[in-house]
Amino acid sequence: METSFIEKKFAYDGSQLCSLFAYLEHGILGPSIVSWVGACSIPFDHMVDGEDLLEKAVIQSDEMLHFIIEVFDRDLFSGVALQRLFASIAKDYVQSHGKGLLTGKSVRRDGDDIYLDTKKLSISIATRSPVSVMVHFAMNVTNKGTPVETLSLQDLELDPVRVAEDLMALFRREFESITVATQKVRPVP
């Protein structure tokens, strides 16, 4: 699993959730997780979640920490499982490293989203292409420009670049451990 923090800021509009994004845009071949900081505004023609489409949901923020995970030759169930795994890792990280509004409180994960009380920290979607499964996961860096009550990394006194590097390393370690676990068992009759 390759990891890379992209220093250039750019907006996420949903078009980045496509096969080989890390390879074609950033030269990272194979299973990967890349991250960057940028605004978020997803138009309906790039929205993947059917529930969001039916609700005509507005998904936007002035600044988020984005992650795109891509793993090849897996089904959508595996992609959603990786999405939930990443959300769990992110929730545990935020709980153990966050300060500010978090003092004396606990964050919770509901599916693939992270909350503090009713304040939403993250957005996420998993999908499948003909060659891979992909996950977009993002956390608010700031609360500006969001259509719902949100929690941000600023509220938690967390540096987005440090969070990105740490979460990618934790996810890579877990992914590689899972891969090893699949290679050391005998088949049963």
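The values are calculated or read from the model by the stated rules, or taken from the named source; none is laboratory data. Just so it is clear, the structure is predicted and the values come from calculations on it, not from any experiment. In this analysis, Cβ positions are derived from the backbone assuming ideal geometry, glycine residues included, and neighbour counts consider all displayed protein chains. Just the protein is used for accessible areas: all its heavy atoms, side chains included, with ligands, DNA and RNA removed. Shrake-Rupley method; radii C 1.70, N 1.55, O 1.52, S 1.80 Å.
Taking the longest Cα principal axis of the chain as reference, the axis of helix 76-97 is set at about 50 degrees. Shown are H136, H46, H97, whose ranking by accessible area with a 1.4 Å probe and every protein chain present, most to least, is H97, H46, H136.
Taking trypsin sites (Lys or Arg not before Pro) as exposed when their DSSP state is a loop state and no more than 10 other Cβ atoms lie within 10 Å, the longest site-free interval of the chain runs over 100-183. If you run the Gaussian network model on the chain, springs between alpha carbon atoms under 10 Å, then out of P160, P130, P31 the most flexible one is P130. The long axis of helix 160-183 is offset from the longest Cα principal axis of the chain by roughly 30 degrees. Averaged per residue, the chain has 53 square angstrom of accessible surface, using a 1.4 angstrom probe with ligands and nucleic acids left out. Dividing the mean sequence gap of close Cα pairs (under 8 Å, 6+ apart) by how many residues region 36-118 holds gives a relative contact order of 23 percent. Computed over the alpha carbons of region 111-158, Rg followed by Dmax gives 12.9, 40 Å.
Within the accessible area of the chain, the carbon and sulfur atoms contribute 52%, probe 1.4 Å, all protein chains present.
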